[in-house]
Amino acid sequence: QVQLVEYGGGLVQAGGSLRLSCAASGRTFSSFAMGWFRQAPGKEREFVAAMRWSGGITDYADSVKGRFTISRDNAKNTVYLQMTSLKPEDTAVYYCASKWKTIAVKREEYDYWGQGTQVTVSS
């Protein structure tokens, strides 16, 4: 049973930073891809970043390139999303997701999801 648990969200001022964590359990993730998505009120869930757990390949939404970084810690079975230069438009519930093998930007391709963590950026 795959479980993904996000934490690290909160309230931050514009220009600030936050690091989200996603603790993964239930199987060996070395052959999986991990993604971060977000959903703002009244909007669809959108792709933020993704990487292969084995490393080497990452992808980012244009809106976060140069500001967000996805990474993982094998020993802790945890994926991170380091967010810097935050903007009010980054306010959303952030979700961690996983799928087999290749990274993807479409949420429909991900099989497992966490419960989400709220990020609020004040102006």
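Throughout, read-outs are computed from the coordinates displayed, never taken from laboratory work. Keep in mind the model is a prediction, meaning the values are calculated, not measured. Here the Cβ is made from the backbone with ideal geometry for all residues, glycine too, and neighbour counts use every protein chain on show.
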Cβ under 14 Å from Q115's Cβ, Q115 left aside: what net charge do those residues give with Lys, Arg +1 and Asp, Glu -1?
-> +1
Here, Q118 and E89, labelled 7 Å along Cα→Cβ, have an inter-label distance in nm of 2.3
When only C-alpha pairs under 8 Å and at least 6 residues apart count, what is the relative contact order of the chain, in percent?
-> 36
Net charge over other residues, Cβ less than 11 angstrom from the Cβ of V64 (K, R count +1; D, E count -1) | -1
Mean projected area in nm² (Cα convex hull; one quarter of hull surface) for the chain = 6.8
Can you work out the PRE-style zone for N77? Point 7 Å along Cα to Cβ, and I want the residues of the range 5-27 with backbone N under 16 Å.
-> 5-7, 22-27
Taking 100-112, 12-24 and ranking on average Cβ neighbours within 10 Å, highest first, one gets 12-24, 100-112
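Which value, in debye to the nearest 20, describes the size of the charge dipole of the chain about its Cα centre when Lys and Arg Cβ atoms bear +1, Asp and Glu Cβ atoms bear -1, and nothing else is charged?
For the chain, the charge dipole is close to 220 debye.
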